[in-house]
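One structure is given here, and the rest of the page talks about it.
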Amino acid sequence: MEWGNYSMYADFILLGLFSSTRFPWLLFTLIFLVFVISIASNIIMIVLIHMDSHLHTPMYFLLSQLSIMDILYISTIVPKMLVDQVMSQKTISFAGCTTQHFLYLTLAGAEFFLLGLMSYDRYVAICNPLRYPVLMSRKVCLLIVAAAWLGGSVDGFLLTPVTMQFPFCASREINHFFCEVPALLKLSCKDTSTYETAMYVCCIMMLLIPFSVISASYTRILITVYRMNEAEGRRKAVATCSSHMVVVSLFYGAAMYTYVLPHSYHTPEQDKAVSAFYTILTPMLNPLIYSLRNKDVTGAMQKALGRCLSSEKVTVF
């Protein structure tokens with residue numbers, strides 16, 4: 001398809017995270033380290049949850065799914081960014097941009113829904129502990145994960161075809177480090193205001209539904225914790241929920257800035273910095289927050305390290 005003198009399916013050029021940085025290799029090293037730590041820490045979380053029988057609970061099953069999403073999420077964006085930084089060839093094909101766009105929306109949407117549904121798990125554990133095995137059975141956990149993936153996929157399938165059907169007959173340079181919706185729409189030579197309004201409403205719903213579940217769940221949790229007579233019970237309840245609230249605040253806060261705050265409050269550099277936070281840093285921070293603030297995970301890690309050291313001693317002797 002042609003629009004004027006421009007091909008709809010021509011390659012795009014990604015200007016990168018910091019297009020005018022004076023120290024490109026320092027930037028490459030930092031992003032590479034974050035990527036490696038993110039992949040390694042999320043894999044460790046998955047392995048620990050799989051190996052340790054004490055972690056075979058609904059909460060940790062959902063945490064393992066979050067780690068899988070984070071691995072796929074960061075792998076959708078960072079490898080291409082690192083290759084561009086090394087090769088100084090920042091082009092991305094129309095098909096590659098469409099694929100990246102779809103995967104990003106699907107995985108981000110799935111994580112939104114999963115974080116919302118994880119708050120329901122905490123609500124049941126604290127407010128209805130006797131009914132927890134029934135209300136959070138294996139079947140329910142599988143339905144929660146399936147619902148999260150389905151919600152994310154619907155987001156990707158709805159928005160990607162519409163975004164990519166616009167004729168991009170302005171500059172093909174995307175002032176970003178990946179094919180994010182707002183940066184792409186700036187290149188269109190057609191009026192996108194109607195679509196942006198529809199996307200704004202869609203994003204509000206995507207954020208509002210999980211956020212409503214989170215708000216309702218934690219309101220009930222706070223009421224229950226307040227009524228607890230034992231200080232130890234309160235401490236355990238707060239410790240159980242605090243990690244989840246930190247992750248939710250980081251992820252939802254950055255997303256609300258990008259997709260809810262009016263464009264007049266944005267600059268390209270701010271957009272890229274916030275996007276880097278929730279696409280690159282958050283997948284690394286999630287497993288670190290959960291492991292550092294969770295005694296069960298740190299205990300499982302210590303046992304795993306103890307077994308490894310014991311096996312090495314046996315091998316040496």
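The number of residues in the range 194-233 being closer than 28 Å to Val162 by Cα and either among the small types (Gly, Ala, Ser) or open to solvent by less than 70 Å² (accessible area, probe 1.4 Å) (or both) comes to 11.
Cβ-Cβ contacts under 6 Å between residues 6 or more apart (or on different chains), taken from a first residue in the range 141-160 that is more than 18 Å from Thr197 (Cα to Cα) to a second residue that is open to solvent by less than 20 Å² (accessible area, probe 1.4 Å), are listed as Ala148/Ala110; Ala148/Leu114; Trp149/Ala110; Gly151/Gly109; Gly152/Thr106; Gly152/Gly109; Gly152/Ala110; Ser153/Thr106. Of all residue pairs spaced 6 or more apart or on separate chains, those with beta-carbon atoms under 9 Å, a first member in the range 23-34 that is part of a helix (DSSP H, G or I) and a second member that is among the β-branched types (Val, Ile, Thr) and modelled with pLDDT under 90 are Leu27/Thr21; Phe28/Val86; Ile31/Ile280; Val34/Ile280. For the range 165-179, a tally of residues being of a type outside the set (A, V, I, L, M, F, W, C) and open to solvent by less than 30 Å² (accessible area, probe 1.4 Å) returns 2. Of a type in the set (Lys, Arg), open to solvent by 50 Å² or more (accessible area, probe 1.4 Å) and either within 18 Å of Leu115 (Cα to Cα) or at pLDDT 80 or above (or both): which single residue out of Arg293, Arg307 fits that description? Of Arg293, Arg307, the one residue that is of a type in the set (Lys, Arg), open to solvent by 50 Å² or more (accessible area, probe 1.4 Å) and either within 18 Å of Leu115 (Cα to Cα) or at pLDDT 80 or above (or both) is Arg293. Can you find a residue in the range 180-193 that is surrounded by fewer than 13 Cβ atoms within 10 Å (Cβ to Cβ) and assigned to a helix (DSSP H, G or I)? Yes - at least one qualifying residue is present in the range 180-193. Taking residues in the range 208-228 that are free of Cβ contacts under 8 Å to residues at least 60 places away in the same chain, and partners anywhere that are of a type outside the set (Phe, Trp, Tyr) and surrounded by fewer than 18 Cβ atoms within 10 Å (Cβ to Cβ), the pairs with Cβ atoms closer than 9 Å and at least 6 places apart or on different chains are Ile223/Cys127; Tyr226/Arg234; Met228/Arg234.
Please determine whether any residue of the range 44-58 is hydrophobic (A, V, I, L, M, F, W, C), open to solvent by less than 70 Å² (accessible area, probe 1.4 Å), modelled with pLDDT under 90 and over 21 Å from the mean Cα position of the chain (by Cα). Taking every residue of the range 44-58 in turn, at least one turns out to be hydrophobic (A, V, I, L, M, F, W, C), open to solvent by less than 70 Å² (accessible area, probe 1.4 Å), modelled with pLDDT under 90 and over 21 Å from the mean Cα position of the chain (by Cα).
Go through the range 84-124 and give me each residue that's open to solvent by 30 Å² or more (accessible area, probe 1.4 Å), closer than 30 Å to Arg235 by Cβ and over 11 Å from the mean Cα position of the chain (by Cα). Don't jump to the end; show me each part of the working.
Within the range 84-124, the subset open to solvent by 30 Å² or more (accessible area, probe 1.4 Å) is 85-91, 93, 95, 98-99, 102-103, 113, 117, 120, 123.
Add one more test, that the residue is closer than 30 Å to Arg235 by Cβ, and what stays is 113, 117, 120, 123.
Result: Leu117, Tyr120, Tyr123.
Among all positions in the range 244-252, there is at least one residue which is free of Cβ contacts under 8 Å to residues at least 24 places away in the same chain, in a helix (DSSP H, G or I) and either open to solvent by less than 40 Å² (accessible area, probe 1.4 Å) or small (Gly, Ala, Ser) (or both).
The values are calculated or read from the model by the stated rules, or taken from the named source; none is laboratory data. Here the structure is a predicted model, which is why all the values come from computation and not from measurement. Reconstructed Cβ throughout: ideal geometry from the backbone, glycine too, with neighbour counts over all protein chains shown. With ligands, DNA and RNA removed, areas are computed over all heavy atoms of the protein, side chains included. Shrake-Rupley method; radii C 1.70, N 1.55, O 1.52, S 1.80 Å.
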